[in-house]
Amino acid sequence: MPTQHTVLEARGLTKSFPGVRALSGVDFTARAGRVHALLGENGAGKSTLVGILTGNQRADTGTLTVAGETRDFGSPREALDAGVMAVYQELTVLPAMTVLDNVMLGQEVTKAGSLSLSQQRSIARDALSRVGLADIDLGAQAGDYSLANQQLIEIARALIRRASVVILDEPSAVLSGDKLDALHAVVRELAAAGTAVVYITHLLDEVQELADDVTILRDGATVAEGEKKDFDTERIVREMVGRTVDAVFPEPGELTGDVVLRLTGVVPRSRTRRPAPIDLEVRAGEIVGVAGLVGSGRSRLLRTIAGAHPLAAGRIEVAGRPIGGSIRRALRAGVVLVPEERKTEGLVLDLTVSENTTMAVLGRIARFGWIRRAVQRDRWSAEQERLGIRASGPDQETRLLSGGNQQKIVIAKWLELGPTVLVLDEPTRGVDVGAKAEIYQIISELAAQGLAVVVASSELIEVLGLSHRVLVARDGSIAGELPGGLGNEEEVMHLAMGTNR
Amino acid sequence: MSNASAFLARSGRTLAPLAGLIVVLVAAAITTPGSFTVDVLRLVLFQIGLIGVTAIGQTLVLLVGGIDLSIGAVMTLATVIVATTTNGDDSALLVAVVLAVLAGLAVGAANSALVQLRSVPPFVATFATFVLVQGIIVAWTRGAPSGAIPDAMRWLGIGRLFDFIPVPAVVFAVLAVVVGLVLVRTTLGRRVYATGANPRAARLSGVPTGWIVTGAYLASALTAVLAGLINAGYIGYVDAGLSRSLDLNSIAAAVIGGVALTGGKGRIGQTVVGVVLLAVLLTWLVQLGAGAGAQLIVSGIVILGAVWLQSGRFTLSTIRHLTRRTTTAERG
Amino acid sequence: MSTATATVDARPERSKRFGFAALVRGGFAVWVVVIALVVALSIVKGGAFWTPSNLSTVLTATVVLGLVAMGQHLVILTGGIDLSVGSTATLSALLTAVLIDAYPIRVIPVLLGMVVLGALVGLFNGAFVAFAKLPAFIVTLASFYIVQGIALTVSSVPAGKVTSDLKNFALGSLGPIPYSFLVVVIAVAVVGYLLARTRWGKHVYAVGGDLKAARAVGIKADRVLVWVYVASGILAAIAGIMLAARSSIGSPTAGQGLELSAITVVVIGGTSLLGGRGSLFGTLGGVLLLALVSSSITLLQMPSTLTDLIRGAVIVIAATLFVVKAKR
Amino acid sequence: SSEQEGSSSTSAANADCSNAAAAQDSYTKAWSTTAEELGIQDLTPVEETVCEIDTASYKKDEPAGGYTIALAAQGPINSWGTLSEEAFKRHADEIGVSTLYASANGDATTQVDNIQQLASQKPDAMVVVPMGEGITGQVQAATEQGIPVILCSGILPDDSGAVSTVTRQYDLLGSAYAEWLVQKLGGKGKVAMLSGLAGVPTAEYQAAAAKKVFEKYPDIEVVTQQYTEWSPTVAKTVADNLITQYPDLDGIWSDSGYGDLGVVQAYTEAGKTVPPLTGDSSNAFLKATEGTDVQFALSTFPPEMSADCLDTAVSVLKGEPVLNKVFIDSPSFTNEDAAQYVRKDCGDNLFVPSTLDDATLVELGLCS
Ligand SMILES: Nc1ncnc2c1ncn2[C@@H]1O[C@H](COP(=O)(O)OP(=O)(O)OP(=O)(O)O)[C@@H](O)[C@H]1O
Ligand SMILES: Nc1ncnc2c1ncn2[C@@H]1O[C@H](COP(=O)(O)OP(=O)(O)OP(=O)(O)O)[C@@H](O)[C@H]1O
Ligand SMILES: [Mg+2]
Ligand SMILES: [Mg+2]
C-alpha cells in the first residue's frame, strides 16, 4: 500500500456570493490512497469547496496547500497541472460531441500535432471499460446517452488524467444498480493506486461502504472530521443537520377536505419510453410527497400537473374542470409550480424582489395596465411579513438574495395568485438550514389553510417528513404509495429501485 | 455596502455613454469650433429624430432577446407604398398610410413567425426578410418606384415645432417618453423585461411570452414604417436607393447606450443617450468634412469604446476586484 | 492494473442518427436541396448546365464565399459571430493590388503581408472577445466599420494592379475546375483537418458547446477564441487576395456584404448560432447552394427584377427548414 | 524580374489605328457642342486617342435566328438601370438580335460572376455596363475566349481587351460642370463638391476631372467633398450641414440632379438663395426648380445609350469598322433652357430627354 501522506490541505477557507455566505471557515485534508467522504446537507457548501480546490472559484480568505506548496488556483487549468481534478456535480459532458471526444477532452493524445486516433481509441476504450461502458459506441454523440451513462463517461475522462487528487461531486446521484457498483469499483481502484479520492454523496450507505475518512460541513463550516470508524450513520446525520431530525418537520394536519386535484390515466409525453399511466387524487389540505431516484420522472410528473410539460394521454382536473397541457389554463385553475430550477425557471433574477413577487398578478396590481407602485410595494410588504423574507427593500435585485429567500419569493409569487394546488419541486434545494425549516413550516401551514400540495424532493427525509402520503416514482411512472412520516426510508428506496419483493 | 456598489455599477453603466457623448462634444468643440450654433443644434435634433424612431423599435426587439435587421427594407417599403398609392394625392394619404402599416405588420409578423415557430436565430431570420422585402420592392417597382409623396406628408419630415424643433425630433421624444413609460410603469413593460431576461420563468409565471416577442417585432416594424414616412416627408420623393444598405444605426444607437444584446436589460433612456451620441457624432463628422473612411473609423471606435466602458471590465469591477485581492493578501 | 468490472447497459437512450433532424445536424439537408437543384437544372437546361464552362462558373463563385464562410464557420462554432470578414476581404483586396502594383517581385511578400493583416484584424477581434469579454457582435461590428474605413482611406477609387500570373491563376481553369478552386480545396482540407484531427479543433467545439465545462477540463478557452478569430481574419484576407486576383485591380468595395452571405451560408448549413454544433460539410453545401442559385438565375435568364426576390426566398426557405432548433 | 508588368507597353489598340483624324474630330466635337450648349468659353478636351479599328477578325456570319448578344447589365437598382436594360432589349427586338442578360445589382463582384456565366453560354458578342474596374480581369478572360466585348456607359483600363467603349465621357461631364461653375462665379469663390458613392468609379472619375479644372483657378477654393449616395435624402442632410458650416458658399459642383433635389430643398427651407449647381438631368429636379431662379447646368448620361452599344456590337460582328471609343453626344443645358426639357407628364425617375417612345415610358410606369 502506498504511503498515506497528505496531498491536499485547506485551512480556514471562506467564500461569499452576493447575499450568501457559502463558506465560513472550512478545513479539509485529503490523503493519498484514501477515500475521503465529504458530507453535508444541500447547500452546506460542498460544491463551493470543490470549486475552490479546482480553481473554478477563488476563496475570499484562507489557505490551500497542495503537495506541500501553498496555492491559489486562478483557473481549473492550474489546479489540473497541480494534480487536482474533479468530476463536477453539474456534468461537463458536451452532448454534441462524440463519446470519444468527450472522454479525451482536454487530454487529447497527439502525434506531430495530429490526434492519434488509434491511441486515443484504445485509451478511451480502456477507461470506459473500467467504468463498465465496454460496449459503448465511441463515435456516437454523448447527448444520446442517458444521464447515468454520461456520468460514467465523465468519470472515465477522470481516470485517464492521472491526478493525485480526484474529487467526485455526487457521482452516485444519477447512478443505481450495476452502474453504482462499477463506480465503487473504480473508486477503490483509484485509492489502491495511491490517489486521494474525495467523494461527495448524500447516500450514507455509500459512506459506510467506501470511505476511509469523513469530513462534515454544515452552513459552510467544517463541523467534524476524522476517520470513518469514528462515525456511525447516526452521528453523521446529527452532525450534518445539527439537531435531531424529526423536530424539523411540523406534524401534517388532519385531512378533511374534498378532492381538489384528480389525475386519470395521465401519461406525460416522453421522448424515450412510454411510461404507465398515472392516477392520483389530492384533497384540500393534503400534502402528497413524490420520491424517487434522479431521472425517475418526479419533475416531469409535477411539471405535467402544472401544465408545463405536454400530456401524451389522460386527464387532469381541478375541482372537476379539465386543465391539462397549458400553463395558463393551469394557472387560471389555481395550479402553481415552484420549479426545481429556481434561477432559470422560478425567478427573473434581474428584476427586483417586489417585481418578482407580483409577476403572476400583474393585472391585479395595475389599473388599465398602469402599475400602481404603492400596491406593488404593499403586496411585497405583506408577503415579506407573511413568509419572513429577508431583503433590504422592495427594490432590491432578486439576484442578490440568498437561496432560501429567493425560494420564498417564488412561493410568495404564487400565494399572491391565491392558488388551490401548490406543486413544489425540490423546494429546499440550495437553501440553507434555517430557511429550510421555515419553508417546511410554510408548506405545512398552507396545506392547513386548505391548499392541496404536491411536493417532490431528492431528500427522502424531507418528503417523508412533510407528507401525508408518499408516491414513489420509477421509470417515469408511479411504482407505489406509502404513508408519510419518518421511518419508511428503506421501503421507499426499495420501491424506487425496484428491488422489493 | 453591496447596495452602494450595485448603485455605483449601475450608474457606471449609465454614465459611460454620457461620458462618450462628452468626449465627442469636446472633440467637436476643438476641431470645429464654429459648429456650436443653433442651426447645428437643429441639425442634430433632426438626426436624432431620424435615427431615434427606429432605435426605439430596435430596443424593444433587443429587450426580448432578438435583433431586427429588416428595418431598412421596411422603411423603403413604406415610402414606396405611400408614393404609389397616393401619387401625390393628399386625399389618398390615409389609405396609403394604413396600407404601409399593414405591410410593416406583415413583415414584423414574418420575422416573429420565423423566430418563434421555426426557431430561426433572429439575426438570420430578419436578414432573410430584409433581402426578401428588398426583392419584393424591386420586383414590384422594376427598380424605379413611381408616384409621388403627398404634400400633407411633408410636415412630418420638415415641419418644425415652435419654428425651431424639427418634427421628427418631437415624434421621437413623444415615442421615447411613451415607450419608456410603458416599459417602466405598465404590466406590458414588466412582461417585456421578464420575457427578455428569463423567458422560461416568465412563461411559467403566466406571461404570454410568445405574444410579447411577436409584439416587439411588430412594434419594431411599425417604427420602421414611421421612420419611412418621416424620410418620405423629409425629402418628398421615393428614395429607393436608401434601402439598399442595412440600417445598423438603430442597433448601434441602442448598443452604445447600453442595451444588452442578450435581452432583458436596458432602458429607453439609455437608447436616447445612444441616439444623441450617434447623431452628434455623425453631424460632427460631416461638419468636420471628414472623408468617408475617417467617418467609418471613428464610428467603429466610438461603438467599441462605449460598450467597453460599460462592460464594467473597464472600471468599477476591476477596481473592486483589485481591492478585494489586496485585502485577501493582507489577511492571508 | 485495471480490475475487470461488470459491463453496464450502454445503449443510447435515443438515437438521432436518422431522420430529418439528423440530416440537418450532419449538414446533409442542404445537400439534398443542392442535388435537387442540380437535377432540376439538368432537366431544364439539359447539357448546358454540365458544360465545363458553366460548371467552372459555379465553382468559381464558391471561392470567395467559401473561404469567408469557413472562417465564419469556425467563429460560429465557438458561439461567436464575425461581421468584419467583408471589410477585411475588401482591405486585403485593395492592398494586394495597390502594393503589388504589377511588380511580380512583390507578389510573395505582399501575399504574406495580407495574411498577417488578416491575422491582425482577427487578433483585434479575438482579444476584445476573449479578454475584454465584449459580445462578438459588437466587437466585430466595430471592426467592420474601422477596417472598411481604413480601406476607403487607402484609396477611395479602384487602384493598383496585380500581376498577370495572379490574374491567370484566378481566371484560368482546367476543364470544369478553376485553378482558384484549388485554394478552397486546400482551405477546406486545412480547416477540416484542424477541426477533426487536432486538439485545437476539439477545443473549438468544446468552447462553443459549454465554455465553463471547457475551462473546467483545462482548456485554454481564451486562447482558442483568439485563434478562431485569427483564422477567420486570415481566411477573409485570402478571400480578398482572390478578389483582387480575379479583378486584376483593387477596389475599396470589393468584399461588401460578404459577412452576411457567409453567416447565412453557415446557418443554413445546419450550424447552430449558439455554438458547439455544426458540420463543415453543411457549410460547404450552403456555399454551393448560394453559388448555384445566383448562377442559375443567369443561366435560366430569369428577369433581373426577380433576382433579389429569389435570393430572399431561398434564404427564408432554407432558414425555415434547415436551421438547427435553438434550445431555449 | 523586378520590372513592373505592362508599364512600358502602350495601348495595343493604337497599333491598328486607322482613320484617326476623322475619329479624333468626332471626339472634340462632343466637347465643343457641350461647351456651346452650356455657354462655356473655355472647355479644353481631355487628351484622348480615338481611332477606327478593323474588326475583320470578329466577323461572323449571322445565324438563322440572328446574333445572340449578351448584356452584363447594372440591374434594376434604379430607373437608370431599368431604362438602360429596356432600351437595349427593345432595340434588340427591332434589329432581330436575341439577347442574354445578367444583372449585377450594382455590384462589381457580382458582375464578375455574371460575365463568366454569360461567357459560358457562348454569345456572339457581349455588352458590358461596367460596375467598376474590378471586372477588368474577367472582361479580358471573355475576350480571350473569342467573345468581342463592348463596354457600355462606363470605362475600363485600356488593357481590358474590349473592342470598343461606348459611353458618355465622365471627363467631359466633370470638366464641363466645373468650367460652367467657374464661369458663373467669375473665377473666384468657394465651392463644395458632392459626389455619389465613395469608391464607385462613376462618381470618382467625374470628381477627379472636376478637381483638375478647379486647380487651374487659384481663386476657386474647394472647401469640402462629401458623398450623397445619389440620394436626395442624404444630399439634403449634407446640404443642411453645408449651410451651417459654410454659410458663404458660392457654388456646388454635383454629379447628380436627383441628389441636387435635396440641396435645393435644404437651401429653400433655410431661406437662403440656392447657389449655382450642376448635375445630370433628372426630371424630378427640373420639375422642382420650375419657376424658381435657381441657376444650374445639367448634362445627360442617357441610359438609352445601351442601344448604341448594341449597334456597335452588331457592327463588330459584321466586320464593319468601328471606333475604339464612341463618345455619345447628348444634350447639355442650363436653367435658361430647362423649360424645353421638363416632362410634366412624367415621373421623377425619368432622365430627360429620353429617346424611348412615350408608349414605352408609360408601360414602364415612368410617364402617364
Ligand atoms: N454562484 C453562486 N452564486 C450565489 N450563490 C451561490 C453560488 N454558488 C453557490 N451558492 C450558494 O452557496 C451555498 C452553498 O452551495 P453549494 O453548491 O456549495 O452547496 P452543496 O453543499 O454543494 O449543496 P448540494 O448538496 O445541493 O450540491 C448555497 O446557499 C448556494 O445557494
Ligand atoms: N438534463 C437532462 N438531460 C436529458 N435528460 C434528462 C435531463 N434531466 C432529466 N432527464 C430525463 O428526463 C426523464 C425524467 O426526468 P425528471 O427530471 O422528471 O426526473 P427527476 O426524478 O425529477 O430527476 P431529477 O432529480 O434530475 O430532477 C428521465 O428519463 C431523465 O433521464
Ligand atoms: Mg453540490
Ligand atoms: Mg427533479
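All of the numbers you see were taken from the coordinates with simple rules; none came from a lab. If you're wondering where the values come from, they're calculated on a predicted model, not measured in any experiment. Positions of Cβ are generated from backbone atoms using ideal geometry, with glycine treated the same way; all protein chains shown enter the neighbour counts.
Here are some notes:
- Convex hull volume of the Cα atoms of region B:74-169, normalised per residue: 113 Å³.
- In terms of Cα atoms, the Rg and Dmax of region A:6-241 work out to 17.6, 57 Å.
- Computed from point charges on the beta carbon alone (+1 for Lys and Arg, -1 for Asp and Glu), the dipole magnitude for region A:347-418 about its Cα centre is near 180 Debye.
- Residues whose amide H comes within less than 5 Å of that of A:GLY285, counting only those at least five positions distant or on another chain, are A:GLY450, A:LEU451, A:ALA452, A:VAL453 (H built at 1.01 Å from N in the peptide plane).
- As a rough guide to protection, the peptides C:243-252, D:207-216 ranked by mean Cβ packing within 10 Å, highest first, stand as C:243-252, D:207-216.
- Sequence-distant aspartates and glutamates (8 or more away, or on other chains) whose Cα lies within less than 18 Å of C:LYS167: C:ASP101, D:GLU3, D:GLU5, D:ASP113, D:GLU133, D:GLU144, D:ASP158, D:ASP159
- At q = 0.06 Å⁻¹ the log10 of I(q)/I(0) for chain D amounts to -0.23, computed by Debye summation with a single uniform scatterer per C-alpha, solvent ignored.
- Sorted on the mean count of surrounding Cβ atoms within 10 Å across their residues, most packed first, peptides D:314-325, D:331-342, C:76-87 read C:76-87, D:314-325, D:331-342.
- Using alpha-carbon coordinates, inclination of helix A:403-417 to the longest axis of chain A, degrees: 20
- For the cross-link pairs A:LYS343/A:LYS436; A:LYS179/A:LYS436; D:LYS89/D:LYS122; D:LYS190/D:LYS236; C:LYS45/D:LYS325; D:LYS188/D:LYS344, the ones whose C-alpha atoms lie over 27 Å apart are A:LYS179/A:LYS436; C:LYS45/D:LYS325; D:LYS188/D:LYS344.
- Dipole of region A:6-241, positive direction: furthest Cα of A:LEU217, A:VAL66, A:ALA44, with charges on the beta-carbon: A:VAL66
- Cα-based helix-to-principal-axis angle, D:170-184 vs chain D, degrees rounded to 10: 20
- Phi angles of region A:54-61 translate, via the Karplus equation with coefficients 6.51, -1.76, 1.60 and θ = phi - 60°, into HN-Hα couplings of 9, x, 7, 9, 10, 5, 6, 9 Hz per residue; Gly and Pro are given as x.
- Taken residue by residue and averaged, Cβ atoms of other chains lying within 10 Å of the Cβ of B:46-56 number 1.
- Toward the positive end of the charge dipole of region A:61-207, with +1 on the Cβ of Lys and Arg and -1 on the Cβ of Asp and Glu, the farthest Cα among A:PRO76, A:VAL109, A:PRO95 is that of A:VAL109.
- Length-normalised contact order of region A:6-241 in % [C-alpha pairs under 8 Å, at least 6 apart]: 29
- Taken residue by residue and averaged, Cβ atoms of other chains lying within 10 Å of the Cβ of A:167-178 number 1.
- In chain A, helical runs assigned H by DSSP with n ≥ 4 each contribute -39500 (n - 2.57); averaged across all residues and rounded to the nearest 500, the mean residue ellipticity at 222 nm is -9500 deg cm²/dmol.
- When the convex hull of its Cα atoms is viewed from all sides, region A:14-145 shows a mean projected area of 10.7 nm².
- Across the protein assembly as shown the C-alpha pair distances fall into 20 Å bins from zero in the proportions 9, 32, 33, 18, 8, 1 percent.
- Summary of the geometry: region C:137-207 and region A:246-307, compared by the centres of their Cα atoms, lie 59 Å apart.
- Look at the alpha carbon pairs under 8 Å that are at least 6 residues apart: their mean separation over the length of chain C gives a relative contact order of 34 percent.
- 0 to 90° range, to nearest 10: angle between helix D:257-269 axis and chain D longest Cα axis: 10
- From phi via Karplus (6.51, -1.76, 1.60), per-residue ³J(HN,Hα) for region B:300-307 in Hz, x at Gly/Pro: x, 5, 5, 4, 5, x, 4, 5
- With contacts taken as Cα pairs under 8 Å and at least 6 residues apart, chain D reaches a relative contact order of 19 percent.
- Couplings 3J(HN,Hα) for region A:379-389, derived from phi with the Karplus relation 6.51 cos²θ - 1.76 cosθ + 1.60 (θ = phi - 60°), are 4, 4, 4, 4, 5, 4, 6, 4, 9, x, 7 Hz, where x marks Gly and Pro.
- Ordering of D:105-115, A:126-136, B:20-30, D:127-137 by packing is D:127-137, D:105-115, A:126-136, B:20-30, highest average first (other Cβ atoms within 10 Å, averaged per residue).
- Average beta-carbon neighbours from other chains, 10 Å sphere, peptide A:187-195: 1
- Nonlocal amide H pairs with A:VAL335, under 5 Å, H built at 1.01 Å: A:THR420, A:VAL421
- P(r) histogram, all alpha-carbon pairs of region A:347-418 included - 5 Å bins from 0, percent: 3, 20, 33, 26, 13, 4, 1
- The helix-only estimate of mean residue ellipticity at 222 nm for chain D, built from DSSP H runs of length n ≥ 4 each weighted as -39500 (n - 2.57), is -12500 deg cm²/dmol after division by the residue total.
- Model label points for D:GLU144 and C:ILE177, set 7 angstrom from Cα along the Cα-to-Cβ axis, are 1.9 nm apart.
- Under 5 Å from the amide H of A:ASN56 lies no amide H of any residue 5 or more positions distant or on a separate chain, with H modelled from the backbone and absent for Pro and chain starts.
- Membrane-span-like helices in chain C (whole DSSP H runs, Cα extent of at least 18 Å along the helix axis, mean Kyte-Doolittle hydropathy of at least 0.5): C:29-45, C:52-77, C:85-100, C:107-130, C:136-154, C:179-197, C:221-247, C:280-299, C:307-322.
- Taking the helices alone, chain B has a mean residue ellipticity at 222 nm of -26000 deg cm²/dmol, built from -39,500 (n - 2.57) per DSSP H run of at least 4 residues and averaged over all its residues.
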